[in-house]
There are 4 protein chains.
Amino acid sequence: MGTFIGHISPGLAFLSFGVLYAFKFSLMVLRGEGIELVSPPRQPGLRGCLKRIPAEGVMKILYGTLAMLAEFFYPPGVYKLSLYNREKPDLPFIHPNEWQHATMYSYFAVSGWVDVLSQACLPRRLYLLESIGIALPFYIEALLLYSHMHGKERVENSVHTLLLLACCLVCLILTAEIWRPNDRVLWFAKTCLVMTQGTWLLHAAFILYRPFSGRAWRSDDVANLMFITSFFCWHIALNIVLLLAIFWLTALWHRRCSWRAALLDTQPSFPLKRPDAAGHPSEYGKLQAAEEETRLLQECDF
Amino acid sequence: MGTFIGHISPGLAFLSFGVLYAFKFSLMVLRGEGIELVSPPRQPGLRGCLKRIPAEGVMKILYGTLAMLAEFFYPPGVYKLSLYNREKPDLPFIHPNEWQHATMYSYFAVSGWVDVLSQACLPRRLYLLESIGIALPFYIEALLLYSHMHGKERVENSVHTLLLLACCLVCLILTAEIWRPNDRVLWFAKTCLVMTQGTWLLHAAFILYRPFSGRAWRSDDVANLMFITSFFCWHIALNIVLLLAIFWLTALWHRRCSWRAALLDTQPSFPLKRPDAAGHPSEYGKLQAAEEETRLLQECDF
Amino acid sequence: MGTFIGHISPGLAFLSFGVLYAFKFSLMVLRGEGIELVSPPRQPGLRGCLKRIPAEGVMKILYGTLAMLAEFFYPPGVYKLSLYNREKPDLPFIHPNEWQHATMYSYFAVSGWVDVLSQACLPRRLYLLESIGIALPFYIEALLLYSHMHGKERVENSVHTLLLLACCLVCLILTAEIWRPNDRVLWFAKTCLVMTQGTWLLHAAFILYRPFSGRAWRSDDVANLMFITSFFCWHIALNIVLLLAIFWLTALWHRRCSWRAALLDTQPSFPLKRPDAAGHPSEYGKLQAAEEETRLLQECDF
Amino acid sequence: MGTFIGHISPGLAFLSFGVLYAFKFSLMVLRGEGIELVSPPRQPGLRGCLKRIPAEGVMKILYGTLAMLAEFFYPPGVYKLSLYNREKPDLPFIHPNEWQHATMYSYFAVSGWVDVLSQACLPRRLYLLESIGIALPFYIEALLLYSHMHGKERVENSVHTLLLLACCLVCLILTAEIWRPNDRVLWFAKTCLVMTQGTWLLHAAFILYRPFSGRAWRSDDVANLMFITSFFCWHIALNIVLLLAIFWLTALWHRRCSWRAALLDTQPSFPLKRPDAAGHPSEYGKLQAAEEETRLLQECDF
């Protein structure tokens, strides 16, 4: 949908995935974990299967399916699920934007199904299929974004070109991840770019459909085109800050958890010392926290 | 040939190669085999040589030679094997399309000869030469497709640009395969892209020469250009489904074969148990089948 | 600032970084050192911290901050720190060039802060963060240079395209350095390209704002566009010569230092021989120098 | 020189280098040799130095210097060594083509000097410097070819675009060779592309300055543009055939040499058998030849 809501909703979707990735990869780095490429065999049974359903996969299925349906049936009363206009003699194609968007969203939904099948239903996780399953929708997005730009204004094209740039970089990174799934730089670069796609789509909705000045941006003003690129650079900075904030929050939470776990673990054997340490956390804790935080950051730095 | 049949025939050729690759690589994955880069020395002699002639090489020779001849002599009575028009004073070049297509097809035919020579006639297989021999025709195809687009309509150019995109990706993958011949992801990506080239050429023939609406697609309608890209995305999805179906069929067939082989192997030693298991395949077989199928899928996932 | 001084100052900044890199990497090669990816833990305390502050980081912070301020407040009396013109009814954006430049400079300043924090303040050096921190500003520079070229003359665009080319190569190299931080070819290629960016910006200032002939270069003269590329090629050669000269100077200095160190080391044990050798350095020294110089060059050649 | 001879002479130069490379790399493959990255220390002295001077380096110096001089002083009586026209008031640049070509040629000459210095004069060979020294001129050639195309006819641009394509591929390969100097596929790909550049320049001279039909190729005829690409594809095929022929000739010559060497080696110990074998070379020799030839081809196939 070439509308305000049609840019806000995928923007929120990308942003939520980016934030989810940020927490997930931060925690994995803090715990020193990697992705299991070949999982151990799993117990069959419906209950185990349901337990293992990944949130990410379900989100992709939900978002993708709803967005696809919205393209054709939103706002209520609309019905756009037809390829060509049967009433005209030369049967021209109609709703090209809707079909392109629906194609894009359904690839994301399928990637969600692949995740669910691989992580929950199959006897073993097939990580390779999941990698390919998530790389493909971004390639399709890039292809469709590129062909989306026929016969549009320069402002709209600039906005979409920058989105295409972020999307192509995500494609490159996801392709590299097929062969290097445990590269931490790739994890965070991907996360940051997905978040940038999200916030940029949110901004794009305002630029294209609700300009703050109340008037549409004029394409014949070079200053407008130059500011679009500047804004994109600011989005990158903003998302890096957001990513660092999430990492820091996760590190705080993780330290508290592992501290509590260590407490529970060691309480029986050192009943006197630990409460002491816990009683004066101000100095010892601070020092330890700073050290640990750095060590955790180090792990990011392989 | 810039005709209906001139797009249908290479489309069928690419599709048949794609399907052949799909079966071949599925079987290799299921058997856990790789490509032998340096074969053991082989017995000389014409009979052994004839036995070793690969189907793929013969197909390439046949298709390439026939298509090349068809460019110049089809339909019967036509004779286009001349570079320039001797009747005009400035000797202008004629039949540029035919010569470009013939160049392309002859590279594929030569790749076929390289396969046959390497796999059947030489004392040892030269896999490296075969890799280079198949990468080259796709580079030539990309180059000629690119220069093919001078002065054509936008609909035709969009169709050929997408074909060029698939072709360039095949070039990239085949170049990577020169150094990584046993990468399974590359095998299946190549297979899927070759199949996509095939089905897309079939579709292109209809778009350009037999539109379903009975009227030529208009280049000034942006909806047409956008739908061409959407259709291409659907072709990719279609070919992935086809590839998975072929893998599943091959897995079924392979399981049956290896089961029978195991049966024959072990029959003398467990004469009582095996017929039993064979008599009630419903339960044991199903369970085993599901497990094995997953294990086979796993092998794909290294 | 699209002015003479606005091209001279970043030119000098890039050139000074290039020269700094040239000395630094030459010395590292001559000493056979690599970059410590994970430093040993460091002593806390303000004094140690201040000692460890890297010159490079401080230079980046200073240059970046000053240049950013100059964009908005130079020459004195100017005030450009506003995004849009509040006096006009449609609130048009103003100062697009200034905001683009300020964005670029602040990324470099942030990279300086990352260097200072990582090398001086944190308990351990985080080399990976520094690598990413310096790669990012060049990506942003490339993006902004690209969007800078809307609606300008062809001479200006040619000059900026060549700058963009050097910048993109630096991006590529810095990205490769994230994974291969100790590759000596990458070190010197980066150094040479950063120096080329510097001298080219100096030259560009003269081409665009103070042409030697006293008249502006005409964009409709193809000879001008061709000479711009030739000049760029000469800059590359010039900077390679400069780089070799710096390497040679560093090698001279390093030999003298290590010779003196060896002298001090061995003086107690060979009190008679050494002064002798030092007394007639003409022959022995020359031979040794030539040999050592070559050995040092060899180390560059891994 | 944008003249017939100005395209013929670099064409012959590239072709001669390609043929030289073809013999050199064929022999290295047949002998199972690689490039010595770090040579053993060498004896000083002028005689040893002169003996070690490489033919390739001398060729580069000679060709480069002569071509550079020819740009400015050929045909005799011409003097073009001036950057701008002092007689006109606005001092316009003159001879842009000559200066671009001279820049290109001098980079090749410098690469020759680097080869001579590294292989003959320095105590040890610096292979890395040689690799960089030969990669650089091709990058400069690509850059200048690209900027060469301003305001020319489409036929000339098509011809130069294809040359640029070959040149860019050579750049890529030479860059890869800096890190993988002993990759045999890269050796032969480079050889073939350099030869193609040579023959294509020869052909280009005829297309642009001496068309066989006697009339200039018209740029408004699409057939001409399409045939230029077809011809380029035929050049690639031709050069592959030429490369295979040179490999076969080298293999013949190498077999004869190693056979004679083996004869001389073993004659004292088996004085009776060898003459026998040498007396009936028809059967035994043929078989051995075929086997050895294949083995040698195999070595190409690592």
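The values are calculated or read from the model by the stated rules, or taken from the named source; none is laboratory data. For clarity, every value in this text was computed on a predicted model and none was experimentally measured. Cβ placement follows ideal geometry from the backbone for every residue including glycine, while neighbour counts extend to all protein chains displayed. Note: accessible area is taken over every heavy atom of the protein model, side chains too, but ligands, DNA and RNA are not part of it. Shrake-Rupley method; radii C 1.70, N 1.55, O 1.52, S 1.80 Å.
Checked against (1) closer than 18 Å to residue C:233 by Cα; (2) surrounded by 16 or more Cβ atoms within 10 Å (Cβ to Cβ); (3) touching a helix residue (DSSP H, G or I) at 6+ places or on another chain (Cβ under 6 Å), residue D:119 meets all criteria but (1).
Working only within the stretch D:222-237, note down all residues that are open to solvent by 40 Å² or more (accessible area, probe 1.4 Å) and over 16 Å from residue B:140 (Cβ atoms).
Residues of the stretch D:222-237 open to solvent by 40 Å² or more (accessible area, probe 1.4 Å): D:222, D:234.
D:222, the sole residue that qualifies.
When the stretch A:122-142 is filtered for residues that are of a type in the set (Phe, Trp, Tyr), surrounded by fewer than 21 Cβ atoms within 10 Å (Cβ to Cβ) and in contact with a Cys (Cβ under 9 Å, 6 or more places away or on another chain), only A:139 remains. Only a single item in (1) modelled with pLDDT of 90 or more; (2) surrounded by fewer than 16 Cβ atoms within 10 Å (Cβ to Cβ) is not met by residue B:99, and it is number (2).
Helices (runs of 4 or more DSSP H) fully within the stretch C:28-119 that include at least 3 residues being free of Cβ contacts under 8 Å to residues at least 24 places away in the same chain and more than 12 Å from chain A (Cβ to nearest Cβ): C:46-51, C:55-73.
Restricting the first member to the stretch A:230-249 and to residues that are more than 10 Å from chain C (Cβ to nearest Cβ) and assigned to a helix (DSSP H, G or I), and the second to residues that are of a type in the set (Val, Ile, Thr) and crowded, with 16+ Cβ neighbours inside 10 Å, the beta-carbon pairs closer than 7 Å and six or more apart or on different chains are A:235/A:196; A:235/A:199; A:238/A:199; A:239/A:196; A:239/A:199; A:243/A:191; A:246/A:19. Taking the stretch B:12-36 as the region of interest, how many residues are out of contact with any Asp or Glu (no Cβ under 9 Å at 6 or more places or on another chain), small (Gly, Ala, Ser) and surrounded by fewer than 20 Cβ atoms within 10 Å (Cβ to Cβ)? Qualifying residue count, the stretch B:12-36: 2. The residue that is nearest to residue C:247 (Cα to Cα), counting only those in the stretch C:203-221 that are in contact with a Phe, Trp or Tyr (Cβ under 9 Å, 6 or more places away or on another chain) and either open to solvent by less than 10 Å² (accessible area, probe 1.4 Å) or more than 10 Å from chain D (Cβ to nearest Cβ) (or both), is C:203. Determine which member of the set B:26, B:82 is at pLDDT 95 or above and of a type in the set (S, T, N, Q). Criteria check complete, one pass: B:26. Scan the stretch B:61-91 for residues that are open to solvent by less than 60 Å² (accessible area, probe 1.4 Å), among the charged types (D, E, K, R) and more than 15 Å from residue B:102 (Cβ to Cβ) and report the count. Residues in the stretch B:61-91 being open to solvent by less than 60 Å² (accessible area, probe 1.4 Å), among the charged types (D, E, K, R) and more than 15 Å from residue B:102 (Cβ to Cβ): 1 in total. Looking across the stretch B:166-205, just one residue is out of contact with any helix residue (DSSP H, G or I) (no Cβ under 8 Å at 6 or more places or on another chain) and modelled with pLDDT of 95 or more, and that is B:172.
Being under 20 Å from residue B:6 (Cα atoms) and either more than 9 Å from chain A (Cβ to nearest Cβ) or open to solvent by 10 Å² or more (accessible area, probe 1.4 Å) (or both), is that true of even one residue in the stretch B:172-188?
We begin by selecting, within the stretch B:172-188, every residue under 20 Å from residue B:6 (Cα atoms); these are none.
Among the residues of the stretch B:172-188, not one is under 20 Å from residue B:6 (Cα atoms) and either more than 9 Å from chain A (Cβ to nearest Cβ) or open to solvent by 10 Å² or more (accessible area, probe 1.4 Å) (or both), which makes the answer no.
Note on the stretch B:145-171: residues that are outside any helix (DSSP H, G or I) and open to solvent by 70 Å² or more (accessible area, probe 1.4 Å) total 2.
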